[in-house]
């Protein structure tokens with residue numbers, strides 16, 4: 001009986017807290033990414049990848065807790081599907097950063113271009129906006145404006161990342177004559193560009209939630 | 001109160017009209033793709049990609065309007081999830097065509113093979129069937145047969161595209177000795193093959209809707 | 001009226017039987033994959049791919065039957081969405097194995113490394129656990145422990161596959177100097193690694209279903 005009451009009671013705090021945890025992980029992991037693309041040696045990159053992987057596993061655990069809570073809670077602060085989608089898209093961001101760091105350590109490219117650093121910094125910039133948007137989520141009915149603003153910033157950063165990635169691709173095919181390096185660099189930087197896409201996608205879902213409840 | 005009544009009133013026309021708009025965009029964008037793979041110069045390809053991108057942005061706007069309408073309408077002409085999935089898979093088609101044109105302009109391949117033209121024409125052929133199926137959607141309860149026929153055509157065209165792509169891949173690995181060209185051509189044509197997959201997928205969802213309501 | 005009663009009657013057996021069919025297909029198709037990566041000649045690989053494709057088409061038919069049944073049944077043994085997701089993720093496994101065999105026959109790599117055999121064997125090992133988990137599914141309320149154990153095994157095998165794939169990638173970029181071979185081998189083995197991911201994902205969904213109903 002107690003258990004049932006527990007299940008019926010809105011668990012707003014729980015979900016908001018877990019999503020904030022995901023936001024904090026994304027900030028940490030993207031900070032590690034900025035360091036990893038600038039690593040002075042293979043050993044340093046390997047050590048940074050180890051730290052990225054720890055964050056990735058932490059995100060997996062939060063994600064599992066969120067899904068278990070969704071299955072065990074009758075009333076959620078907003079649509080169950082939206083919470084699930086926010087959580088799994090946040091997890092995608094972490095996976096993409098992890099995949100980028102992993103590829104750096106496995107592929108051992110001769111050198112990473114300046115655009116890798118630019119892209120990692122953009123992933124980190126978006127992570128900051130996302131974390132702030134997730135911090136505001138528990139007051140989205142009262143103050144939707146701020147979240148809408150963060151969501152707009154995510155679009156702007158993602159467009160910048162697109163431009164950086166496009167310039168990188170043009171340059172790569174024009175100047176890199178070693179096909180194996182082309183493969184390596186293209187796949188490493190692509191994960192960062194996709195991370196900003198996923199970050200923008202989270203912003204879009206959050207924005208839709210706000211519109212739905214306004 | 002008026003607003004509530006507005007929300008309760010079935011908005012059939014609205015959804016059907018917006019899906020028809022998506023159908024028209026797919027026809028236009030695939031027509032541009034046929035031209036883009038045959039562009040006589042890099043400048044022409046760039047100009048065609050610019051037009052493709054306009055269509056891609058138009059599709060994004062329709063897609064956003066559809067999702068906003070889904071969130072604001074209590075009664076939809078058929079399952080909310082199905083409308084959402086049709087719309088987002090149509091958007092995938094446009095994104096894939098856009099990605100193909102973008103890659104042509106960024107990668108600057110030495111030359112595109114005849115199979116690129118064949119594939120673009122198949123994407124365009126499927127777009128025609130899709131647009132017709134979407135035009136029939138508002139009378140799917142009365143005349144399901146025609147839509148089933150278009151859906152069958154989408155399967156046929158997708159199989160043809162599979163064969164063309166397979167032949168292209170075999171030929172590419174047999175004759176192209178420049179690994180960088182292999183990367184470029186493979187990635188450009190792959191988007192067209194995936195576009196026919198997405199077109200077929202839309203046909204399948206529409207078919208399922210019809211079966212559900214028959 | 002009879003039709004309505006038919007629709008109302010729980011069709012547990014039907015769904016469990018169809019999911020078991022999918023499990024059997026995954027065992028067969030992964031067994032063919034183990035043979036295909038060890039094929040002594042191109043002709044043998046082509047013949048094995050033909051058999052893989054047959055299984056892939058069989059899986060498509062079961063998948064279609066499952067979705068039609070989901071649309072026509074009012075009461076399902078567990079959440080409709082979960083049955084759909086289990087079914088489509090099982091189908092992903094088959095598609096990935098099919099794609100691997102297809103690439104072997106289209107790309108004609110000079111030779112496949114030992115890690116290809118290892119990976120195919122891991123896909124097959126996971127297929128065994130999956131098939132057993134699917135066989136237990138109709139008694140998941142009575143005996144959840146066994147399914148949880150199979151699900152844990154799927155995680156273990158997937159991690160092994162990750163390690164094998166990582167070692168392969170390091171080795172490939174260190175020793176293979178022919179960029180075209182790099183592309184071919186990387187893409188062929190990647191599908192096998194992704195197949196173990198999809199197998200693990202099915203285990204995770206099944207585990208979630210069990211927790212939901214416990």
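Here, each number is a calculation from the coordinates, and none is a lab measurement. Not measured: the values here are computed from a predicted model. Cβ: placed from backbone, ideal geometry, glycine included. Neighbour counts: every protein chain shown.
Spin-label model, residue B:174/residue A:14: points 7 Å from Cα along the beta carbon direction are separated by 6.2 nm. Per-residue mean of foreign Cβ neighbours for B:69-76 is 1 (Cβ atoms of other chains, 10 Å radius). Summary for residue B:174: label point 7 Å along Cα→Cβ; distances to the equivalent points in the other copies, ascending, 3.6, 3.6 nm. By the count of neighbouring beta-carbon atoms within 10 Å, fewest first, A:70, B:137 end up ordered A:70, B:137.
With label points set 7 Å from Cα along Cα→Cβ, the inter-copy distances at residue A:155 are 4.0, 4.0 nm, sorted shortest first. Expressed as a whole number of Å, what is the distance separating the alpha-carbon centroids of the stretch C:29-49 and the stretch B:133-192? With the stretch B:133-192 and the stretch C:29-49 each reduced to a Cα centre, they are spaced 26 Å.
The alpha-carbon positions of the protein assembly as shown define a convex hull whose volume is 167 Å³ per residue. The two copies A and C are related by a rotation, and the chain A beta carbon nearest its axis, with distance in whole angstrom, is A:179, 2. Who wins for biggest fluctuation among C:79, C:91, C:31 in a Gaussian network model of chain C, springs between alpha carbons below 10 Å? For chain C, modelled as a Gaussian network with Cα springs under 10 Å, the answer is C:79. Over 26 Å, how big is the tail of the calculated P(r) for chain B, in percent of all Cα pairs? In whole percent, the share of Cα-Cα pairs in chain B beyond 26 Å is 38.
The value of relative contact order for the stretch A:79-214, using C-alpha pairs under 8 Å at least six residues apart, is 46 percent.
Please give the length that would be gained between residue B:80 and residue B:61 if that part of the chain were fully extended, namely 0.36 nm times their separation in residues minus their C-alpha to C-alpha distance (nm, one decimal).
Residue separation times 0.36 nm, minus the Cα-Cα distance, leaves 5.0 nm.
Mean-square fluctuations from a GNM of chain B, with a 10 angstrom spring cutoff on Cα atoms, peak among B:56, B:43, B:136 at B:43. Derived from the Cα gyration tensor, the three semi-axes of the equivalent ellipsoid of the stretch B:132-214 are 37, 10, 8 Å, largest first. Gyration tensor analysis over the Cα atoms of the stretch B:84-201 returns equivalent ellipsoid semi-axes of 31, 14, 9 Å (largest first, whole Å).
How big is the stretch C:50-108 by the Kirkwood estimate over distinct Cα pairs, in Å? After inverting the mean inverse Cα-Cα distance, the result is 12.6 Å. For chain B, modelled as a GNM whose springs connect Cα atoms under 10 angstrom apart, the maximal fluctuation among B:25, B:75, B:66 occurs at B:75.
Annotation for residue C:214, label-to-label distances across the other copies: 4.3, 4.3 nm (shortest first, one decimal, point 7 Å from Cα along Cα→Cβ).
Each listed q (0.14, 0.20, 0.26 Å⁻¹) maps to a log10 I(q)/I(0) for the stretch A:12-63 from the Debye sum over equal C-alpha point scatterers, namely -0.40, -0.67, -0.91. From helices alone, chain C scores -30000 deg cm²/dmol at 222 nm; the rule is -39500 (n - 2.57) for each run of n ≥ 4 DSSP H residues, then divide by the residue total.
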